Structure formats: structure tokens, C-alpha cells
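Values in this text are rule-based calculations from the coordinates and carry no lab data. These numbers were taken from a predicted model, which means no experiment stands behind them. So basically every Cβ, Gly included, is an ideal-geometry build from the backbone, and we count neighbours across all protein chains shown.
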């Protein structure tokens, strides 16, 4: 009987080591260790053994069972590993294939610039004010110290609808509207982004519709140095921490003194290039101290309060910022143009 | 204004400052110099020569062989191709080694076998603009006046050793439309004095016979008439021609040139009449008769109106005041008797007439901006002196003059405190006084307060702030410190609606759409092409004077221009497109606007082509109705707008009658979306296109952006699926509504997961499968409860929609 056990063990181990798949292994398990398996059968024959033999054979049976179970377990593990390896091998893909396209939207470059400008000024305590794009001559011109026969009206040929109603030529009427709404309260601290319209033929540098951001601060004791400091802070946040600004005397009917503001050329960094006409400077906005007549007309006493105002062209800043050479791109909405503004 | 550097140095010492340095200083203190152009574009070794002999070239019909004395010791033999070269002329001669503009170098050479020791130059070859030359000088070689000195450097003779500063003047600085005005500015910047021309008129003739009468007293404040006899009309001396050309003015004859020269010098437009043509030598300044005709110097007949100021004699109009003289009294070569006009016409009058007539002369520009009333007579005398000197005229005794009113200089009171308070500077009283001195403004000073008398030449200065600007710009804007406003700090920020617009923008971009911005001015046809969101009938809002029909009316919706954007892109092979736009539309029911139109802020979107493009996995996904609806739902959900109801909208202009939905919330229409009508698609040359349009103010009113946290469920949910067979026409929303109503609070969510029509069910039926998720917030649901609710749902569905459970 012991010999039979040994023989069975050898034969079973040999068979287990030959097995190549999980099912055959299971069959062997049943064949040797199952309820009707060979080992069980041998156990059943234990009754015929003597009392001395019985524990010896019992021990032997247990040894054989353990040996078989271990062999079966190891084989099973081995087969599972092999199966996993095979599965992984079969699952290999070409990782260089392109990913499935996910639609990607883009913000219009003018919106990007406007949001940046808004955020910079909001950070400095400005509110964002708005006004109508179709304006009364009264707000667009007269409230800004541009009476009907003022020569400066030549500077902005306008789209009139009637004698008194026109498409606003600048965002400045929002200044007057905001001040009137504030009824003399201070401080006024607003920026006004928006579309404006002028009778220009559309070409690479002109557009009959364009975008401005206007700014206005009115309070007691506002000085021209505050204008300078505010714009310097803006220029540094918008164009880089080392930016310098330069103010040049200029003329706007609604400010006095007036200044045009240059930043260091963003292309050459001030060295001089074609874009800045070799001056190292680029004009980006107009500004000045609010004209006393403008304050007066809007219900503020110029003896009591003063203010500064500024206005910039969003297209110009976008063109400088992104190197766009033709202003018409902003309004034709060619998707090949728009899709380039999809970062950051 | 073009300013000759050499000419300017007559009035202010520029000996230690280059044209470019001067330009920089002017620009930095408020007079922008747009360009500094050298008059010499590369001419050297060109001298004045005398053509002693001219003979025909032996072997070339069109060439001449000239013997030229160019002051070189020996005469030069020069072959010349110009037809107008002749013996006895003074001409510019390029010597061997001479350089000409464009990098041309002149060498000794042989032309058809004849040696040529240089070249006789045309004006063009010397870089002189044709437009500044008389007609007879534009062809062939440049013939110089007889008095030109042989051997003299032609660059010097022609004034080419000069620079021209081109000023870009702001409208307030019309004082710098004159050389003397610029001189005052330069003198203020450099702290130097102004040297004015010394004027001396010798009245060597008889009594001035001219009478002057101003009838239009609102249009003309002053009129001065000088009278001359024995004038000799001829060409001006070269120095004057050079200066006029530097200023961009073409020389004509000495008298006309003098009026132009003095206009450039003093900023005072002048006019000369042939006195023999002026009836009674009597000048009347009056308004034109309505429809009065006058032939101007350019031989055009002009029709005037009753507001046009004319200079007339008792019989006829002689000139349109301030704009252009009449042909009937023009200075011509045989004119000998002259009336010279120096006047002050009001800017308003001249601007109106110039606009009405569509004429804009150099004189107009100055009149419109306002000339210095106090200099009228002085400028007249300056011109009289020059006419006497250069046209050898005899000046009659006395000046005919009429004055309506005088200009009074403005006096402004200002304090140091005000100046420093406005600028943020800490200037001293001495510094401020020094600036007033440099400006040559007179003042009375009391401690740190001034009463400043502003000369009439600076008509732009009327208020203390104007004076502050003068102080600031001469002190230097660079020297103003930087600071930040010191008042009460205020909270900045966006309004809720502004925030909402950003949320919409960022959400749609996140979903994969591209933001567009289009023109608010559109073609009238576009507004009618697709429905808007307004109620009632709209009238178009046209511009009074559009630049083109394409941009002639204001848009009433965003879709038309967005559709054009699609067409524009498709024409450039961009086929897969998804745009949205946020912007104003303009609504009015008025035939002609009497008040501002209503401006609404809309959101529009257009989609066409593939949403997911063709890819190697083969899963391209075209844009369709349910994609657009998904975008709309996603947006509304993002804005916290629940309870949106989608109803079929069969009659929206330009929209597909069976594929358009109107969106209402609480019974109020907030927008619509759907497929474009195939006819509209065809009009715009588009494939299947889907659009949406919403009123942003409505979205803002409904939006509930505040987030209120709900605790996570503690008990399990139970899911039941129901496959329902209903009539094909039954809308999904009706089933969902019935299910929700019947299931009550236990129903946590409801998902439609399948819609089937086909051979496995009756032809007029469809199957819709819903997944119902039940949950009780406080306990685990029992099977019986779930069964009971589900039965209730099935029963309600059967009663209200005729739905049966699918077998």
C-alpha cells in the first residue's frame, strides 16, 4: 500500500508538471484529491491495515496529499501567471496612435485682453461700468466738452443715425453717464470696456468697429501723479514687471492736462525696431486729468474734486501682444485665426 | 505742418541743436514731430552751370552736346538727353564723382562716341518732388534763374541742405500752424528769445483808394486792405521758392507766393486781388445770395448759399472768404495794381462754408482752427513789405480797415497750491514763474499766486487747468512723480450680470466652442433672415450715411452675422465649426429714432459640420439637434436655471419647423435653438446647421449661482427599468412628467436610456425605456413599497399617455 501511494505520488507529480492549462489541472485535482479521487480511494482501504501500519500509512497519505496540493497550487500559480502574461501581451496597443479628439474651444483674443484688463483694474479697486453703444450726441460729445462746432469733432468722423443719435465713437460717454448716476458722490473708480464705431474704411490698421477700455477716477485730491502711478502699475501687470511708461503731452477735449502714454516696445524691449519706428516706445493709450467742464457738467465741483481718465484700444494691445498684423482678423472670425488663442 | 529747420532758425537760435534733437524735444513737450525728413535725398557734387554752347550730337538725334561753364576752371563737355536744354541757361550740373538720390554715381563716360564730363540734372534727378514744381519745370532739365551763381553748390542754392520737421498737431495747437508760432514753442522749450521779422513798409505811392465795408458782422471781425501799384508779377527769388517747397507749397508767382509765405510765417491766410478788376476799389464783406454763383481760381463754378461769406465789390463776388479767390480778380502776369486782404473770419463761418462746398485749402485749415486776431494787421504789413521788395510795387498811403471787434487777451488767476495739488509735484514759485517767462506769458505775481495774461496767439488757453498743462509740459511729464490715489479704498468687481457673461463664455469655450465677435452693422437683408427674440414688429435702424450697404443697419439678432461667419469659414475650407457670440442687439419700433433704441445683450451660437471629426477609430460625430440641446442644457444647468421647458416651435423665421425648440422658464420665453431651415441653409450655402439664441438678461434674472449643499444619501437606492410602448407622436417629456408626478418624492432620478422604433413593434408605435431610481432619505426601501410606486407609475402612464409595458 505504501508502495502504491509512492507510485501514485510519482505519477501524479509527473502529470501535474506536464499540465498546460487550468482545466486539465482541475481534472488532475479531481482525479487525485477529489471525493472519488485516487487518494480517497486509498484512504478507504486503510481499514484493512494493522494498528501499527495505520498511523504510518496515515502519515504517508497526508504527506502525499500535501505534496500533491503544493504541486497543484504551484502549477496553478504558474498557469495563472502565464495566462496573465499572455493576456497582457495580447492587449498591447500602439501608444503612438493619436488620442480621440475632444472638442477644444477658444476665447476670442479681444475677450482675453478685456478680461485681463478688467482683472487688473478690479484688483486696484475699479468697478466695471457699461453704457449703450447707440448714444446721444449729448453724451458722446457735448458732455465731454465737445460742443457742436468743436474742431476736435473732425478727429472722429461718426456714424450718425439721426442728428442727435449716433454710434458712440468712444467709450467716454460712459464716464459722463456714470458720474451723473453717482450724483456727486465720490469716489468714482470705473473702467468701461466696450465696442465703439467710427467712419473708417476697413483696412489692415483701421476698423469701423473696434473696442476700447475707458477708465475714470474722481475723488478729492486726485493728482496727475496718481494717473501716472496707476498706469505704470497697469503696464507692469499687462506687459511685464520691468515695464516703464512715458507720458507725452497731448490734447483731448475732455482732459486737461492730457497725455499720451507709451510703453517700452514689447517687440524689441526698447532697443528700437520697425514696430516702434526705432524709438523704443509704443503708444498704447490716451489719458489726462478730467477737464473741469466735464466734471461740472456731470454734477461735480472742480474746486472740490479732481479726477483722471484714460482710454485704450483693445485691438492695438492685442496686436502688440500677439503680433497680429491686420486688425480685420479680429472681426472675420476665421477659425484658423481664433484657434491660435487657445492657451493659458 | 511742415517746418523747415533753416527757416525756423531765422526766428530762434538753433545753432547748437540738430533737427533730430529738436524733434525729440518738441515731441516730448507736446508738439508731436511725426518725421524729420532731409531735403537732400543724396545729392553731392552738383553745381550751378552755364550752358555756353549747345549743338546736336553727331550720331544721335535726341542728344545734345553742351559746353558748360560749371566754375571748374575748364569748361565741361556734357551730353544731354533733355529736349529743353538750350544755350544761355543756368542748370544744375552733376560733376564726375557726383552722387544723386537712389545711389547713382556720375562718371565720365562716352555717349554714342562723344565724351560726357558729367550730367545736367532734372528736378526729379535731384530728388525734388514734381508736385512742387511749376508745370514747365516738370519736364526735362531743371532750368535755374539767371541770377544763380555759376559754380555754386546746387544743394545750397536749392535749399536742399535743410531738414523738414513734420508736425502732427493736435486740434488745440493751431498756433503752431505758423513758423512764428513754432518759434515761440521752441523758444519756450529751449529758454531762448524769439526774433520776429523787422517790418518796414515805405508808403511811396498815392492815397489808398480802397474802401472796406463789413456787412456780415458775425462772420468777419476785421478786414484790412493794402493797395499797390506798379507791381511786377514774376517768379519769386529762389530762397522763397525753396522755403515754400520745403513747406510743401508750390511756387506760382511772386505775389501769390508772398501771400502763401506770410501765411506759413504768421499763420494768417491772405489774399491778393487784381485791383483793376475790383469795381470802385470797393470791398464789401457780405453773405452770398442764395444760389449765387462764383467761378473760383481753379476754374470751377461754385454755387453758394445764403450762409457763405463772400468778399465782393459793389457789382459782383470776388472770392469765397477764407476758402478760395475768384477767377475774375486773380493775379495774372500783367497785373500791376493789387489789393491785399488781411482779415479775421470766424472759424465757425469758414468751417461751415468749407464743408458745404467740400473744399479744404491750406487757408481753410487755419481759419477753421482760429487765427490770431491780434496779428492780422502785422501779417498784412509783412506781406506788403515783401510785395514792395520782391514785386517792386509802389505802396499806396494808408491802410483801408474795418473792425467789428477786437480780441482781448485772457487773464487767469492761479496759485502754486493748485498747480502742485493737481500735478502731484512740489514745484517752487520761482520754477513756475520761470516757465511763464519762457512761454512769454505776462503775469503779476503775489507770493505764490499769479495773474497770468495769455497772449492771443494761444487761443487754447482759457482756464487754470490749461495753464497747469503748460507748466506740466515745460516742467516735463517725466519729472512728475508716480503715486496712487490716496482716498477711501473701494471694493472693485464685476456685477452679477458681468460675472454671468463670463461664466457663459468660459462654459461654452470649455464645451468646445469658439468665441466670435462680429460687426454690429449689417446688411439690411440679414436682419430678416433668422428669427430674433423680440416681441412685436421692429423697424430697421439705418445709418444716415453708411459707408456700404453691407454695414448700413444695426443688427437685431446675433444669428445673421454668425451665419455669415460660417459661410466665410466654409469658403476657406473650414468645415467643422462651432461659434458663439455675446453682444448687443438693437431694437426699435420707431420709423425714425426719436430716442435711443433698446439694447439687449444676447448669446448666439451656430454649429455645422462634424462635432467630433473623422478619426482613426472611425467615430466621427456630426452636429445635430441633440448636441445643441445638450449644450443648452449644460449651460442652463451651469447657470443654475432649473425648470426649463422645451416646446416645439414650428413657425420661427429661418428655422426648421420640425426641429426647433423654444425654451421657456416659468412661462417666459428666454431663447430658442434648433436646425436652420433648409432654405436658409441654402441661402447661406451651408450644410446642416444648428443654432441657438438667448437673451442674457433673462438668463441673469433666472440664474441661481449660489450652491446649497445637500447631504449625501445614507440609504441604498433601488432601480427599476420600464420599457414603454407609446404612440409615435407622444413626446418624451409627457412620459417623464407623468412618471415624476406619479412616483412622487421617492423618485430620485429618471433617465431615458433607449428609444426604439422598428419591426419588433407596431409601425405607429415607439418604445421608450426609462430607468427609475428610488430612494428614501431615512430608511432602506422595502420591495413592496417599490412595487407599489412602480405600479402607480405604470397605471398613471397608461391612463395619461396610453403607454403599455413592452412585452
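Rounded, prolate or oblate for the stretch B:588-720? Axes are the square roots of the Cα gyration tensor eigenvalues, ordered a ≥ b ≥ c, and the cut-off for rounded is a/c under 1.5. Oblate, because a/c is 1.5 or more while a/b does not exceed b/c. Determine, at each q value in 0.13, 0.19 (inverse angstroms), the log₁₀ of I(q)/I(0) that the Debye formula gives when each Cα of the stretch A:2-90 is one equal point scatterer. These q points yield log10 I(q)/I(0) values of -0.48, -0.83. Rg over Rh for the stretch B:496-702 works out to 0.96, both radii taken from alpha-carbon positions and Rh defined as the Kirkwood radius.
For chain B, the longest principal axis of the C-alpha atoms and the axis of helix B:347-357 are separated by about 80°. Shielding of peptide B:452-462 by partners, expressed as the average count of other chain Cβ atoms within 10 Å per residue Cβ, is 0.
Calculated FRET efficiency, residue B:736 to residue B:489, Cβ-Cβ distance, R0 = 60 Å: about 0.70 to the nearest 0.05. In nanometres, what is the gap between the two model label sites at residue B:41 and residue B:392, each 7 Å from Cα along Cα-to-Cβ? It works out to 3.7 nm between the two label points. For chain B, the Stokes-Einstein estimate of translational diffusion at 25 °C and a viscosity of 0.890 mPa s comes to 70 µm²/s, using the Kirkwood hydrodynamic radius over alpha-carbon pairs. Mean per-residue shielding of peptide B:603-612 is 1, counting Cβ atoms of other chains within 10 Å of each Cβ. Taking a ≥ b ≥ c as the square roots of the Cα gyration tensor eigenvalues, with a/c under 1.5 meaning rounded and otherwise prolate when a/b beats b/c, else oblate, which class fits the stretch B:44-157? Judged from the Cα gyration tensor, the stretch B:44-157 comes out rounded (a/c under 1.5).
Length available on full extension from residue A:69 to residue A:11: 0.36 nm per residue minus the Cα-Cα distance, which gives 19.5 nm.
Kindly identify the stretch A:109-338 as rounded, prolate or oblate by the Cα gyration tensor criterion: order the square roots of the eigenvalues as a ≥ b ≥ c, call it rounded if a/c is under 1.5, otherwise compare a/b with b/c, prolate if a/b is larger, else oblate. Oblate.
Its Cα gyration tensor gives the stretch A:134-246 an equivalent ellipsoid. The semi-axes, each the square root of 5 times an eigenvalue, are 27, 21, 12 Å from largest down. For the stretch B:718-805, the Cα gyration tensor yields ellipsoid semi-axes of 25, 12, 11 Å (square root of five times each eigenvalue, largest first, whole Å). As a rough footprinting exposure proxy, the listed residues B:623, B:202 were ranked by other beta carbons within 10 Å of their own, and the order from fewest upward is B:202, B:623. Between the Cα long axis of helix B:429-439 and the first principal axis of chain B there is an angle of about 60°, rounded to the nearest 10.
In this calculation the C-beta distance from residue B:203 to residue B:356 is compared with R0 = 51 Å, giving a FRET efficiency of 0.80. Spin-label pair residue B:771-residue A:321: with each label point 7 Å from Cα along the Cα-Cβ axis, the two points sit 4.4 nm from one another.
As an exercise, use a Förster radius of 41 Å and the Cβ-Cβ distance of residue B:715 and residue B:575 to find the FRET efficiency, rounded to the nearest 0.05. With a Förster radius of 41 Å, E is 0.20. Other protein chain C-beta atoms within 10 Å of residue C-beta, averaged over B:500-506: 2. Can you give the angle from 0 to 90° between the axis of helix B:625-638 and the longest principal axis of chain B, with both taken from C-alpha atoms, to the nearest 10? Orientation of helix B:625-638: about 80 degrees from the principal axis. With contributions of -39500 (n - 2.57) from each DSSP H run of at least four residues, the per-residue ellipticity at 222 nm computed over chain B stands at -7500 deg cm²/dmol. Centroid-to-centroid, using Cα positions, the stretch A:65-137 and the stretch B:389-457 are 72 Å apart.
Restricting the calculation to Cα atoms, the protein assembly as shown yields a radius of gyration followed by a Dmax of 45.0, 174 Å. Across the stretch B:496-702, the mean sequence separation of Cα contacts (distance under 8 Å, 6 or more residues apart), normalised by length, yields a relative contact order of 22 percent.
Each helix, a run of at least 4 DSSP H residues, gives -39500 (n - 2.57); summed and divided by the residues of chain A, these come to -13000 deg cm²/dmol at 222 nm.
When you work out D = kT/(6 pi eta Rh) for the stretch B:211-403 at 20 °C and 1.002 mPa s, using the Kirkwood radius from C-alpha pairs as Rh and the Stokes-Einstein form, the result is 131 µm²/s. Dimensions of the stretch B:390-490 from C-alpha coordinates, computed as largest minus smallest value along each principal axis and given longest first, are 72, 32, 30 Å.
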